[in-house]
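Scroll down for the structure; my scribbles are underneath it.
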Amino acid sequence: MKITANNTNRKSWLEVEKTSDFPIQNIPFGVFITKDDIITIGTRIGDFAIDLGALHQLGYFEGIPLTDDIFLQDTLNDFIADGRKTWRLVRNRIADIFDATKSGLRDNKAHQSEVIFRMEDVEMQLPVSVGDYTDFYASKEHATNVGSLFRDPENAIMPNWLHVPIGYHGRSSSIVPSGTPVRRPLGQSKPLEGEKQPQFGASRLLDFELEMAFITTAVNNLGERIPIEETEENIFGLVLFNDWSARDIQGWEYQPLGPFLGKSFASTISPWIVTLDALEGFRVDNPTQDPTPLPYLQIDGKRSYDIKLQVGIQPENGEETVVANSNFKYMYWTMVQQLAHHTVNGCPVNAGDMMGSGTISGPTKDSYGSMLELTWRGQNPLTLNDGSTRKFINDHDTVIMRAHCENDDVRIGFGECTGKVLPAN
Ligand code: MN
């Protein structure tokens, strides 16, 4: 089915600023609450939030097989479970409804007042109920940097890393939408020199991880695997993902079973899921993989995406300083490989599951996706625009992540993923 929603010639009768992340070609999906306390599934065009539940009740999705209450829910899980054909039909229809050349809602002020809200008048929620959350470790630059810092520069990349998309099972209970404050965690860290007992207290090395996460539909049944060619149709879309990390807790606990409480205290996501369909025009060549992966992980076609990424730190009452610019295309392991690997042992992946990419670090020092790497574990502090310095993230700092794709015709973005750090309890 053609993705007519992506037509770059299309203009909306809703006003959209040129620099907006949300032109009519984006049509992301999210969940919001209105001032009247109505929770609904919606989309966004420019700075307008659109109530899909209301649109559906008014008959605008006639002819598309949808249950009556599919958008009158507080999560997107059921809609995602409907599958790619339905996502495409709905996105294409929304594009038509808001197309400047199409009458209907454009000429119906009464309907508009039921359906369209200003973004400042709604509160964004988590878009999905995340059943399971997995975090990968898929940027070679990041793995090399962290391997050097935590272990040994000579053997930074472990021998398995070039063959296996490494990941761990995270906690979905602490995934929060952008804007939710994040409490500095308490925990253990390694004993001071000459001491026997580990330290306990507020983490001193609080960090962000610049990631993206993809959200799946129901992929496979227990005991079944799916071929890599079929993985892509099971990816609904992506969000920005800040995998907050306490490096001192992580460094003490991570061997032999991997990350645990140093990661599970919070992860922040951007609230609008940008569909994989909307990113279609931004595919780029896959990274060169040497050695060649095993057959079940081999890919053809363009499975990487050119998504520009940025991180800023804003001190309380101060101005923001951009500290890193990276790109999703730097990932060594692609999403389809991650999903093929995840299911190869027959473990089921369900609608609404979330897969973090792992920190996305680029090849240059200003493209690293964590403070651990940007300051080389605090050895080279960053100076912010207000003259203060940071080795890691301070209390009351806000970390702001952004992501967008852009070419001569269109800009498709994710908005912001922000979180302010509160002092430990
Ligand atoms: Mn991570």
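Here are the numbers for the structure shown:
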{"item": "Those residues of region 363-376 which are assigned to a loop (DSSP other than H, G, I, E, B) and either crowded, with 23+ Cβ neighbours inside 10 Å or within 16 Å of the ligand (Cβ to nearest atom) (or both), in sequence order", "result": "368, 369, 370"}
{"item": "Count of region 23-37 residues which are in contact (Cβ under 8 Å) with a residue 12 or more places away in the chain and either farther than 17 Å from residue 121 by Cβ or over 19 Å from the mean Cα position of the chain (by Cα) (or both)", "result": "10"}
{"item": "Tally of residues being charged (D, E, K, R), within 16 Å of the ligand (Cβ to nearest atom) and touching an Asp or Glu at 6+ places or on another chain (Cβ under 7 Å) across region 187-233", "result": "2"}
{"item": "Residues of region 239-285 satisfying the condition of being within 23 Å of residue 31 (Cβ to Cβ), of a type outside the set (Ser, Thr, Tyr) and touching a helix residue (DSSP H, G or I) at 6+ places or on another chain (Cβ under 9 Å)", "result": "273, 276, 277, 278"}
{"item": "Out of 110, 143, sole residue that is within 16 Å of the ligand (Cβ to nearest atom) and among the hydrophobic types (A, V, I, L, M, F, W, C)", "result": "143"}
{"item": "Failed criterion for residue 155 (all others in (1) farther than 30 Å from residue 75 by Cβ; (2) crowded, with 22+ Cβ neighbours inside 10 Å hold)", "result": "(2)"}
{"item": "Residue in region 383-393 that is out of contact with any Ser or Thr (no Cβ under 9 Å at 6 or more places or on another chain), crowded, with 19+ Cβ neighbours inside 10 Å, under 23 Å from residue 268 (Cα atoms) and modelled with pLDDT of 95 or more present", "result": "yes"}
{"item": "Some residue of region 176-183 being more than 16 Å from the chain's Cα centre (by Cα) and part of a helix (DSSP H, G or I)", "result": "no"}
{"item": "Search result, residues across region 320-360 that are within 21 Å of residue 169 (Cα to Cα), outside any helix (DSSP H, G or I) and within 15 Å of the ligand (Cβ to nearest atom)", "result": "331, 332, 333, 354, 355, 356, 357, 358, 359, 360"}
{"item": "Every residue from region 193-233 that is among the polar types (S, T, N, Q) and in a loop (DSSP other than H, G, I, E, B)", "result": "197, 203, 217, 220, 221, 231"}
{"item": "Selection within region 403-421 - assigned to a strand (DSSP E or B) and under 19 Å from residue 45 (Cβ atoms)", "result": "403, 404, 405, 406, 411, 412, 413, 414, 415, 416"}
{"item": "Residue satisfying condition, being over 20 Å from the mean Cα position of the chain (by Cα), surrounded by 14 or more Cβ atoms within 10 Å (Cβ to Cβ), more than 16 Å from the ligand (Cβ to nearest atom) and not charged (D, E, K, R), within set 379, 310, 314, 298", "result": "314"}
{"item": "Residue among 203, 113, 172 that alone is at pLDDT 95 or above, in contact with a strand residue (DSSP E or B) (Cβ under 8 Å, 6 or more places away or on another chain) and surrounded by fewer than 21 Cβ atoms within 10 Å (Cβ to Cβ)", "result": "172"}
{"item": "Any pair with Cβ under 7 angstrom, 6 or more apart, that starts in region 345-361 at a residue that is over 17 Å from residue 276 (Cα atoms) and ends at one that is within 16 Å of the ligand (Cβ to nearest atom) and of a type in the set (S, T, N, Q)", "result": "358/139; 359/139; 359/370; 360/139; 360/326; 361/139; 361/145; 361/326"}
{"item": "Some residue of region 145-155 being modelled with pLDDT under 95, at negative phi, among the hydroxyl-bearing types (Ser, Thr, Tyr) and not in a strand (DSSP E or B)", "result": "yes"}
{"item": "Candidates 127, 177, 165 - the one that is of a type outside the set (Asp, Glu), at pLDDT 95 or above, within 16 Å of the ligand (Cβ to nearest atom) and surrounded by 17 or more Cβ atoms within 10 Å (Cβ to Cβ)", "result": "165"}
{"item": "Flag for residue 236 being touching a helix residue (DSSP H, G or I) at 6+ places or on another chain (Cβ under 7 Å) and part of a strand (DSSP E or B)", "result": "yes"}
{"item": "Matching residues, region 239-265, being assigned to a strand (DSSP E or B) and more than 25 Å from residue 297 (Cβ to Cβ)", "result": "240, 242, 245, 246"}
{"item": "Residues that are of a type in the set (A, V, I, L, M, F, W, C) and under 11 Å from residue 95 (Cβ atoms), drawn from region 1-25", "result": "3, 5, 24"}
{"item": "Criterion: farther than 29 Å from residue 396 by Cβ and in contact (Cβ under 8 Å) with a residue 60 or more places away in the chain - qualifying residue of 179, 194, 187, 167", "result": "167"}
{"item": "Residue tally, condition assigned to a strand (DSSP E or B) and either on the phi > 0 side of the Ramachandran plot or touching a Cys at 6+ places or on another chain (Cβ under 8 Å) (or both), over region 302-319", "result": "2"}
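Every residue, every condition in (1) within 16 Å of the ligand (Cβ to nearest atom); (2) more than 25 Å from residue 141 (Cα to Cα); (3) surrounded by 15 or more Cβ atoms within 10 Å (Cβ to Cβ); (4) of a type outside the set (Phe, Trp, Tyr), yes or no:
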| position | (1), (2), (3), (4) |
| --- | --- |
| 247 | yes, no, yes, yes |
| 251 | yes, no, yes, yes |
| 264 | yes, no, yes, yes |
| 277 | no, yes, yes, yes |
| 286 | no, no, yes, yes |
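The values are calculated or read from the model by the stated rules, or taken from the named source; none is laboratory data. These numbers come from a predicted model, not from an experiment. Every residue, glycine as well, gets a Cβ built from its backbone with ideal geometry; the counts of neighbours run over all protein chains shown.
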